[in-house]
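**Q** Structure below; questions to follow.
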């Protein structure tokens, strides 16, 4: 099950809406994680845009909800534009609003990405077969861990490249962890942590989608390996 909202736009297109939020991450003294606001919005945009693209949509707009104060707006905007530039989305439209009547003690941001998809939407769930291959691209990281090991997070350009390969289904991983998302993705299979040989913690939060699942048939394995490089972590079945 994907974390997106879909509704018909016209006879050929569907609107796909995806969102993300963050709290207690930013530049205020009581925040749990201290990072520039540009970083906050970049990673919130990353989650929402990956969800949108994973559902087969082409993002065209982003809406920012800023609860960090007026002074944070320009930085937050730069973070969104940074992500859009990495994806080659120069035409992305950005709007939003700032809570300026009252000051919150901690930082808070919400972000929604809208995209258009032509044709039928992908199925909510997949059927697992003997030919099904599953990989995790990137490493699950959260909080300060991401700041210290940012090079292990899957780049947006890499996500776009793999998401564009025919017969490949992608799904960003967030706070629920890899195993939880896998069990929402397949309708005929319930995985346990011991079903796979992997050095990754399959139950750990991946924070702002620092990794994503790629599901593909055997014949796509070589192409996926070549594109993903060192970010690739195959989930090999023990059975």
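Computed from the coordinates by the stated procedures, all read-outs in this text should not be read as laboratory data. Being a predicted model, the structure only gives us computed values, none of them experimental. Please note: Cβ atoms are built from the backbone with ideal geometry, for glycine as well, and neighbour counts cover all protein chains shown.
**Q** Measure nothing fancy, just the Cα-based angle from helix 73-86's long axis to the longest principal axis of the chain, in degrees from 0 to 90, nearest 10.
**A** It is inclined by approximately 30 degrees.
**Q** Express the Stokes-Einstein translational diffusion coefficient of region 4-118 in µm² s⁻¹, to the nearest whole number, given a Kirkwood radius over alpha-carbon pairs, 37 °C and a viscosity of 0.692 mPa s. It would help to have the intermediate numbers written out before the result.
**A** Details: Rh = 14.3 Å.
It comes out at roughly 230 µm²/s.
**Q** Mean residue ellipticity at 222 nm from the helices of the chain, using -39,500 (n - 2.57) per DSSP H segment of n ≥ 4 over the full residue count, to the nearest 500 deg cm²/dmol?
**A** Taken over the chain, the calculation gives -7500 deg cm²/dmol.
**Q** Can you give me the C-alpha center-to-center distance between region 23-46 and region 52-67, rounded to a whole angstrom?
**A** 19 Å
**Q** Largest first and in whole Å, what are the equivalent-ellipsoid semi-axes of region 66-109 based on the Cα gyration tensor, each being the root of 5 times an eigenvalue?
**A** Working: eigenvalues 118, 19, 9 Å².
Taking √(5λ) for each eigenvalue gives 24, 10, 7 Å, largest first.
**Q** Which peptide among 36-47, 145-156, 104-115 comes first, and what is the full order, when sorted by highest mean count of other Cβ atoms within 10 Å?
**A** The peptides rank, most packed first, as 36-47, 104-115, 145-156.
**Q** Rounded to the nearest 0.05, what FRET efficiency do residue 91 and residue 164 give with R0 = 22 Å and r taken as the Cβ-Cβ distance? Could you check?
**A** The pair residue 91/residue 164 has a calculated efficiency of 0.75.
**Q** Put a dot 7 Å past each Cα toward the Cβ at residue 176 and residue 82; how far apart are the dots in nm?
**A** 2.8 nm
**Q** So what's the gap between the Cα centers of region 80-100 and region 126-155, to the nearest angstrom?
**A** 24 Å
**Q** Here is a follow-up. Find the eigenvalues of the gyration tensor of the Cα atoms of region 35-96, then list the square roots of 5 times those eigenvalues as equivalent ellipsoid semi-axes, largest first, in whole angstrom.
**A** 20, 11, 11
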